[in-house]
Amino acid sequence: MKKILCVIFSALMIFGSVSAAAAKKEEKLKITVTTDTHLQAVESNPLPAMTEETTEFTEGMIDRELYYYAAQQGQMNYESKAIIKSMLKDFENSDSRCLLIAGDLTNGKRNSHLEMAQLLKETEENCGKKIFVIVGNHDCAKESSEEKIDLAEFKRIYADFGFTDALEVREESASYTADLDDEYRLIAIDSCVYGEDDGEIDDAELEWIENQAVKAKADGKKIIAMMHHSILPHFYVQPMIDGYAGLAEKFSGCGINFVLTGHIHANDISSAKTKNGRTLYDVQTGSLITSPNAYREIEMSGEKFDITAKYVTEVDTADLPEGYNDSQKERISSDFSGYAKDIFASGICRWLNRYIGSAGKLGKTLKLEKGSFGYNLLDGILKNVGNALNTPIYDDGQTPDKLDSIEEIARAGGAELPQSGYEMPYQLAAKVYSAFYAGDEEKQLANGETELLFLCLKSVILQALNDLAFKDINAFAESIGLNTKDIAVSFKAKIYYSDLLAAKLAEALIVSLTAGLTSDLSDPADLNVTINLAESVPVLIPLSFFEKILYFFKAFIAAFKNL
C-alpha cells in the first residue's frame, strides 16, 4: 500500500511541476508604450490671447478664433498635461504591468521635466506598476542652464523610472538595462546627440549594447530594446542615424530583433531581414500629443507580440492651463478627437503659410542657389501661390467676375477639379500628413486626396506663371533643367511651358510637403498586428548595398505612381 501511495504521490508531484512549468511558459507580459509626450508645464504656460502676433500665418484658417494658437506641426502643447494624465489613468486601469516611454518626455524645460516626473511618480504610487523612460532629442541640452537640463540632471530627475532599478547604467549616456519580468529584459538605448535633432550610436555605445545583449542571453532573457530614434527607415526620405544598416545588422546579430522607437510622431512599423536570417522590427509609436493621440499596448509571449493601437479620446478640462474660452472647452469636452484633428489641420495651415509663401523650402528641393535668378523668380511666383492657397477650393457662385476660388482658377486653365468635402487646400495637406501619423496610410488615402492636392497646387502655380513674360518662363525652365532651346518663342510655347512648369513645380511641392509619406515602406501593418520573431514577412527594407539600389528604383516608381 505504501508503494502505491508513493507512486501516486510522485506522479502528482511530477504532474504539478509540469503544469506549473507550462503555466509559467504560457504566462504573458503586457506593456503600454508611449512616446513624444512633449509635456509643457501648465503653471508657467497659459494659453496665449488672440493677438496679431499669435495669429501670424493663420490666413485661410477655418474657425481661426478656436484654433489660432495651433503649433506648426500640429502638436497639442497646451493640452499636453491633460492628454498625458488621461493616458496615465488608462494605464493605471489596464492590465499592463509596466509603461515604457521612448523619449521626448517634455519640451526640454526644467520645470516641465519636474512636472513630468511628478506625474509619473503619482502614477506608480497609485497602481504599483513600473515606468521606464529613455531620453529624446528634446529632453537634454549639452550643458545645464537656467531653463535646460543636461544628462546628469535627467538621470537624477528620472532616477525612479529605470535608473534606480537598473541592472546596469552606462555612465557616459542614459542607456541602461532592466528586467521587465522573468522572461524579458529591457535595453534602453540613448541614441541622442544632445542639442541636435539627429541621432547617433557611436562605437563605444554599440559595444556596450552588444555586451548587454550577451549578458541577457546568458541569463536566458529575451530582449526588448527601446530608443528614441529609428533603427530602420519608415518613409522614403527620412533622415536616419548614420550607418543605420550596419547598426541594424549588429543589433540583430546580438539578439536584438524588436525595437521600440519614437521621434517621427507617426504610428509605423518597419522590418528588415538581416544576414543571420532573422527579421528586425522597428515599432515606432506616434506622438501622444499629436492627433490621433495614439499609444500602444503590446502583449508578449515568447517570440510573439500582439500589438494594439490605443487612443486618448477624452481629457479633463480641469487639467488645461488658464486662457481657454467656453467655446474651446466645449469643443474639447464634446469631441476631443475631432478637436485634435482640427488643431492638427490648423497647424498645417500655419506651416503652409510660412513655407509656401517663399522659395526657401521648394528652392532647396529644386537645388536652386539662394539669390540666383531662378531662386528669386521662384520666390515671386510662390508669394502669389501662397495668397492663392488661402482661397477656397470650390466656388460659391457669388462673384462670377473674379477668380476667387481654386476651382475657377483651374477652369480658366482648362481643368476641372474633382468634387470633395474639403473647403481649403490646407485641409488636403493635413489629410496626407495625418494619414501617415495615424498609420496604415495607404488605406486612409484611397480617395484621391493627393491627386486633388496636386491639381490645386498646379492650378495656382499656373495662374502665377501666366503673369510672367515668356523670356522669364523660358529662363526659369532652363534653370531647373528643362530644355527650351528648340522651342519657338510663341504664345503656344508659353502655354506649353507654363503648363509643364506648373506640373513640375506642383510635383516638387508635393514631394517637399509630404516627403514620401503616402506609401508604407514595408510590412507588417502599422496598427493592430501580430509579430512573430520566428517568422519572416514578405516586404522588407533592404540593408545590403545591392538591395538598396534595387529598392531605390522600386521606391521611385511607386512614388511616381502615387504622384
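Sub-9 Å Cβ pairs linking a first residue in the range 466-479 that is closer than 9 Å to Ser498 by Cα and open to solvent by 40 Å² or more (accessible area, probe 1.4 Å) to a second residue that is at pLDDT 70 or above and among the hydroxyl-bearing types (Ser, Thr, Tyr), at least 6 apart or interchain, are Asn466/Ser498, ordered by first then second residue. In the range 144-173, of all residues being acidic (Asp, Glu) and touching a strand residue (DSSP E or B) at 6+ places or on another chain (Cβ under 9 Å), the one that is most open to solvent (accessible area, probe 1.4 Å) corresponds to Glu147. Applying the criterion of being of a type outside the set (S, T, N, Q) and modelled with pLDDT under 90 to the residues of the range 528-538, the residue that is least open to solvent (accessible area, probe 1.4 Å) is Val537. Taking the conditions (1) without any contact (Cβ under 8 Å) to a residue 12 or more places away in the chain; (2) under 24 Å from Gln73 (Cα atoms); (3) not aliphatic (A, V, I, L, M) in turn, Pro425 satisfies each one other than (1). If you go through the range 406-445 and keep only what is of a type in the set (D, E, K, R) and open to solvent by 40 Å² or more (accessible area, probe 1.4 Å), you end up with Arg411, Glu416, Glu423, Lys431, Glu442, Lys443. Report the residue count in the range 69-93 for those that are in contact with a Gly (Cβ under 9 Å, 6 or more places away or on another chain) and either basic (Lys, Arg) or open to solvent by 40 Å² or more (accessible area, probe 1.4 Å) (or both). Qualifying residue count for the region: 3. Between a first residue in the range 42-63 that is at pLDDT 90 or above and a second residue that is part of a loop (DSSP other than H, G, I, E, B) and open to solvent by 90 Å² or more (accessible area, probe 1.4 Å), which pairs have beta carbons less than 6 Å apart while being 6 or more apart in sequence or on different chains? Short answer, once both residue conditions are applied: Pro46/Glu322.
Hey, can you tell me all the residues within the range 174-206 that are free of Cβ contacts under 8 Å to residues at least 24 places away in the same chain and either of a type in the set (Ser, Thr, Tyr) or surrounded by 18 or more Cβ atoms within 10 Å (Cβ to Cβ) (or both)? Within the range 174-206, Tyr176 is the sole residue that qualifies.
Between Lys361, Lys367, the distinction of being surrounded by 15 or more Cβ atoms within 10 Å (Cβ to Cβ), more than 25 Å from Asp63 (Cβ to Cβ) and basic (Lys, Arg) belongs to Lys361 only. Taking each residue of the range 337-358 that is farther than 25 Å from Ile461 by Cα and looking for partners that are in a helix (DSSP H, G or I) and basic (Lys, Arg) with beta-carbon atoms closer than 6 Å, six or more apart or interchain, yields Tyr339/Arg331.
Residues that are in a loop (DSSP other than H, G, I, E, B), at pLDDT below 85 and of a type outside the set (A, V, I, L, M, F, W, C) within the range 406-463 comprise Gly413, Gly414, Asp440, Asn447, Gly448, listed in sequence order.
For Ala102, indicate whether it is within 29 Å of Leu247 (Cβ to Cβ) and open to solvent by less than 10 Å² (accessible area, probe 1.4 Å).
Answer is yes for this residue.
When Gly347 is tested against (1) open to solvent by less than 20 Å² (accessible area, probe 1.4 Å); (2) modelled with pLDDT of 85 or more; (3) within 21 Å of Asn466 (Cβ to Cβ), only condition (3) is not met. Please work out which residue is surrounded by the fewest Cβ atoms within 10 Å (Cβ to Cβ), limiting yourself to the range 232-244 and to residues that are under 14 Å from Ser271 (Cα atoms) and hydrophobic (A, V, I, L, M, F, W, C). Among those residues, the one meeting the criterion is Phe235.
If only residues of the range 270-289 that are among the hydroxyl-bearing types (Ser, Thr, Tyr) and part of a strand (DSSP E or B) are counted, the one that is surrounded by the most Cβ atoms within 10 Å (Cβ to Cβ) is Ser270.
Scanning the range 245-269 for residues that are polar (S, T, N, Q) and under 17 Å from Ile298 (Cα atoms), we see that the one that is surrounded by the fewest Cβ atoms within 10 Å (Cβ to Cβ) is Asn257.
If you filter the range 386-405 down to residues that are part of a loop (DSSP other than H, G, I, E, B), of a type outside the set (Asp, Glu) and without any contact (Cβ under 8 Å) to a residue 60 or more places away in the chain, you find that the one that is most open to solvent (accessible area, probe 1.4 Å) is Gln398.
Tell me which residues, restricted to the range 207-228, are more than 21 Å from Leu99 (Cα to Cα) and open to solvent by less than 20 Å² (accessible area, probe 1.4 Å).
If the condition is that a residue be more than 21 Å from Leu99 (Cα to Cα) and open to solvent by less than 20 Å² (accessible area, probe 1.4 Å), then Ile209, Gln212, Ala213 are the ones that fit.
Inspection of the range 244-262 identifies at least one residue that is under 25 Å from Glu92 (Cβ atoms) and assigned to a loop (DSSP other than H, G, I, E, B). Identify the residue in the range 420-446 that is more than 10 Å from Ile393 (Cβ to Cβ) and polar (S, T, N, Q) and, among all such residues, is nearest to the chain's Cα centre (by Cα). The qualifying residue nearest to the chain's Cα centre (by Cα) is Ser434.
The values are calculated or read from the model by the stated rules, or taken from the named source; none is laboratory data. The structure displayed is predicted, hence computed values, not measured ones. Neighbour counts are summed over all protein chains in view; Cβ atoms, including those assigned to glycine, are modelled from backbone coordinates with ideal geometry. These area figures cover heavy atoms from the full protein model, side chains too; ligands, DNA and RNA do not enter into them. Shrake-Rupley method; radii C 1.70, N 1.55, O 1.52, S 1.80 Å.
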